[in-house]
Amino acid sequence: MSLRSRTAGAALALAVPFALAAVPADAAPVPDPDPFAWTDLTPTYTATADYQYEPFAVTDGYARAAADACDKDGQGGAGYHYVKASAVGSLDPAEPAGLLYETDADGNRALAAVEWIVRAGSGTTAPALFGQQFQPTTVPGVTGPVYTLRAWIWKDNPSGLFAPWNPTVTCP
């Protein structure tokens, strides 16, 4: 057996247990994008890690919207919206315009997702990021129609990484 074959076999033997451990046995298939989406989101993790502590987001220019997006017709919620006006229109993975929080068991705000927000005008088409098409909607704290893309990078979403609503998010 050649060295290349043994190396490939060893790599496969090491990778399979990790891959199986990452998926619970009773997990339903999730309609997520290609496996490299998580890698593409690395700059987003890095840029938003400090915002897990909600006061840091406020200090950095994110303002809490007056309204919240909770329980969208039984589809779940999005949580408490915090929007950074200067980032609206950004397609930079490291600069999402919105942060979505929920209240944790201790009564603190816990970062659940990030959101890119682009204004929708007449004749504009929905942009794409991470291979995902933005969806037309409205966002609390942003005037007028917009296109958005949410990524549930800080809280698991059974509906998918880029799903607009998370059935496990509630706003007490």
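The values are calculated or read from the model by the stated rules, or taken from the named source; none is laboratory data. This is a predicted model, so every value here is computed, not measured. In this analysis, Cβ positions are derived from the backbone assuming ideal geometry, glycine residues included, and neighbour counts consider all displayed protein chains.
Answer yes if at least one residue in the range 71-87 is modelled with pLDDT of 80 or more, surrounded by fewer than 16 Cβ atoms within 10 Å (Cβ to Cβ) and over 23 Å from GLN135 (Cβ atoms), and no otherwise. Give the derivation first.
Filtering the range 71-87 down to residues modelled with pLDDT of 80 or more leaves 77-87.
Applying the additional criterion that residues be surrounded by fewer than 16 Cβ atoms within 10 Å (Cβ to Cβ) yields 85-86.
If we keep only those that are over 23 Å from GLN135 (Cβ atoms) as well, we get none.
The answer is no, given that none of the residues of the range 71-87 is modelled with pLDDT of 80 or more, surrounded by fewer than 16 Cβ atoms within 10 Å (Cβ to Cβ) and over 23 Å from GLN135 (Cβ atoms).
Hey, any hits in the range 32-47 for a residue that's modelled with pLDDT under 65 and either surrounded by 10 or more Cβ atoms within 10 Å (Cβ to Cβ) or not β-branched (Val, Ile, Thr) (or both)? Within the range 32-47, one or more residues are modelled with pLDDT under 65 and either surrounded by 10 or more Cβ atoms within 10 Å (Cβ to Cβ) or not β-branched (Val, Ile, Thr) (or both). Among THR137, THR148, THR168, which is the only one that is more than 17 Å from THR44 (Cα to Cα), β-branched (Val, Ile, Thr) and part of a strand (DSSP E or B)? Testing whether each residue is more than 17 Å from THR44 (Cα to Cα), β-branched (Val, Ile, Thr) and part of a strand (DSSP E or B) leaves just THR137.
Of ASP60, ASP26, ASP106, ASP50, which residue is farther than 16 Å from TRP154 by Cα and modelled with pLDDT of 95 or more? Walk me through it before giving the result.
Working: ASP26 fails: modelled with pLDDT of 95 or more; ASP106 fails: modelled with pLDDT of 95 or more; ASP50 fails: farther than 16 Å from TRP154 by Cα.
Criteria check complete, one pass: ASP60.
When ASP92 is tested against the conditions (1) within 13 Å of TYR51 (Cβ to Cβ); (2) at pLDDT 95 or above, the lone failure is (1). Kindly indicate whether any position in the range 152-163 is touching a residue at least 40 places away in the same chain (Cβ under 8 Å), charged (D, E, K, R) and buried (at least 19 other Cβ atoms within 10 Å of the Cβ). The answer is no; no qualifying residue exists.
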